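A quick write-up on the structure given underneath.
The values are calculated or read from the model by the stated rules, or taken from the named source; none is laboratory data. Predicted model, so just to flag it, every value in this text is computed and none were measured. For neighbour counting, all protein chains shown are included, and Cβ atoms are generated from backbone atoms with ideal geometry for every residue, glycine included. Please note that ligands, DNA and RNA were not included when accessible areas were found on the heavy atoms of the full protein model with its side chains. Shrake-Rupley method; radii C 1.70, N 1.55, O 1.52, S 1.80 Å.
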Amino acid sequence: MKVNGKNHRTVWMEGSSVFLIEQNLLPFKFEIFESKSYKQTCEAIKNMLVRGAGAIGSAAGFAMTQAFLEAPEKGFWESVEKAKKEIEATRPTAQNLFYATERVFLKAKISNDPVESAIHTAQSIADKDAEDSRKIGEHGNNLIESGFRILTHCNAGWLAFTDFGTALSPIYMAHKSKKNIFVYVDETRPRSQGARLTAWELKNEGIPHAVIPDNAAAHLMQQGKIDMVIVGADRIAANGDVANKIGTLEKAICAKEFGIPFYVAAPTSTFDPVCKTGKEIPIEERNPEEVLYQTGLTEDGKVERVLVCSPGSDAFNPAFDVTPAKFITGIITEKGIISS
Ligand code: MRU
């Protein structure tokens with residue numbers, strides 16, 4: 001997608017460096033971070049400089065490539081396997097991370113030239129992620145009618161993938177095909193990916209939208225102001241249960257109550273056939289500081305972090321929840337729409 005008129009991907013690799021859009025600085029600053037080692041890329045995933053299922057997957061694939069490039073001749077495979085474990089320990093929920101590390105590793109293992117294989121596989125994972133997202137946009141656009149007011153949660157836009165996004169990709173296509181749409185963006189506390197990232201993406205594309213407080217969606221649905229919900233996914237269990245950013249579950253329950261279609265948009269690389277139901281999906285618990293503090297722009301243009309809770313209070317911070325399949329109208333994939 002374009003930023004200041006220039007095409008960008010969220011994450012890419014040149015030589016032995018991985019380049020990433022620094023998402024912790026958005027929407028206040030647009031900067032690219034150069035990671036020179038697999039350990040630095042691990043840190044970038046852990047501290048959410050790069051985040052979102054597909055972008056994490058691409059970054060993890062490139063981190064594996066860095067690990068192959070850095071591995072010494074003696075103890076080559078031990079070194080790569082150790083790095084793989086470190087990369088996989090960065091974030092536990094997004095299936096694309098494990099999909100990417102496993103794929104790069106296994107393809108290299110059966111290759112005559114493991115390093116070349118890793119470079120090639122990681123690049124094809126990133127390219128496929130972008131292409132899948134584009135196709136999800138095409139399929140999802142068929143569900144959107146002109147005049148629709150669409151609710152989305154968190155950020156499943158192009159920043160969360162290599163390009164295009166999942167939940168936002170159909171919205172971009174609908175806007176391009178001149179449909180008149182309006183997007184309600186859940187702010188998505190505690191890290192505010194909706195208010196900071198989705199809003200920034202939509203503004204860049206000139207799509208009419210409003211950020212709403214996380215607790216406003218039920219009210220809007222009750223008032224008949226939402227025609228459809230589209231969210232992304234971090235992992236989809238074999239029975240169709242979906243793990244996504246915390247707060248998704250309550251939106252799905254409300255949508256069912258008010259008879260509003262609730263769609264999940266995700267590539268098939270987000271499906272985890274090993275998890276039979278959503279109960280088996282590991283849910284990441286993050287630092288309570290993300291709840292206690294917020295970062296924003298002061299009136300005189302400085303980015304500052306402030307305490308937003310009562311001093312001395314503790315916080316609990318589960319990053320994802322699981323929406324049972326019965327609340328989901330359909331899953332929009334690159335291959336088409338799976339209806340329940
Ligand atoms: O913690 P994050 O920001 O990496 O969470 C992932 C997400 O952005 C959301 O859960 C999103 O809706 C699905 S991933 C595209």
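Please go through region 295-328 and give me each residue that is under 23 Å from the mean Cα position of the chain (by Cα), open to solvent by less than 50 Å² (accessible area, probe 1.4 Å) and either away from the ligand (no atom under 16 Å from the Cβ) or not acidic (Asp, Glu) (or both), ordered by number. Answer for region 295-328, where residues must be under 23 Å from the mean Cα position of the chain (by Cα), open to solvent by less than 50 Å² (accessible area, probe 1.4 Å) and either away from the ligand (no atom under 16 Å from the Cβ) or not acidic (Asp, Glu) (or both): Gly296, Asn317, Pro318, Ala319, Phe320, Val322, Thr323, Pro324, Ala325, Phe327, Ile328. Checked against (1) within 16 Å of the ligand (Cβ to nearest atom); (2) in contact with a strand residue (DSSP E or B) (Cβ under 9 Å, 6 or more places away or on another chain); (3) touching a residue at least 60 places away in the same chain (Cβ under 8 Å), Val211 meets all criteria but (3).
Yes or no, residue by residue, for (1) within 12 Å of the ligand (Cβ to nearest atom); (2) closer than 25 Å to Thr323 by Cα:
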residue: Ile125; (1), (2): no, no
residue: Glu131; (1), (2): no, no
residue: His153; (1), (2): yes, yes
residue: His175; (1), (2): no, no
residue: Phe182; (1), (2): no, yes
residue: Glu187; (1), (2): no, yes
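Per the listing Gln40, Gln66, the residue uniquely touching an Asp or Glu at 6+ places or on another chain (Cβ under 9 Å) and modelled with pLDDT of 95 or more is Gln40. Residues that are within 15 Å of the ligand (Cβ to nearest atom), in contact with a strand residue (DSSP E or B) (Cβ under 9 Å, 6 or more places away or on another chain) and farther than 26 Å from Glu290 by Cα within region 47-101 comprise just one, Tyr99.
Pairs are defined by a Cβ separation below 7 Å, a sequence spacing of at least 6 or placement on different chains, a first member in region 243-262 that is more than 22 Å from Lys279 (Cα to Cα), and a second member that is β-branched (Val, Ile, Thr) and in a loop (DSSP other than H, G, I, E, B); the pairs so defined are Ile260/Ile226; Pro261/Thr329.
A residue that is among the hydrophobic types (A, V, I, L, M, F, W, C), more than 16 Å from the ligand (Cβ to nearest atom), open to solvent by 10 Å² or more (accessible area, probe 1.4 Å) and within 22 Å of Pro267 (Cβ to Cβ) can be found somewhere in region 103-113. The strands (runs of 3 or more DSSP E) located wholly in region 4-59 that include 1 or more residues which are touching a residue at least 60 places away in the same chain (Cβ under 8 Å) and open to solvent by 10 Å² or more (accessible area, probe 1.4 Å) occupy 11-14. Collect the residues in region 193-202 that are open to solvent by 20 Å² or more (accessible area, probe 1.4 Å) and touching a residue at least 24 places away in the same chain (Cβ under 8 Å), keeping them in residue-number order. Hits for region 193-202 are Arg196, Trp200.
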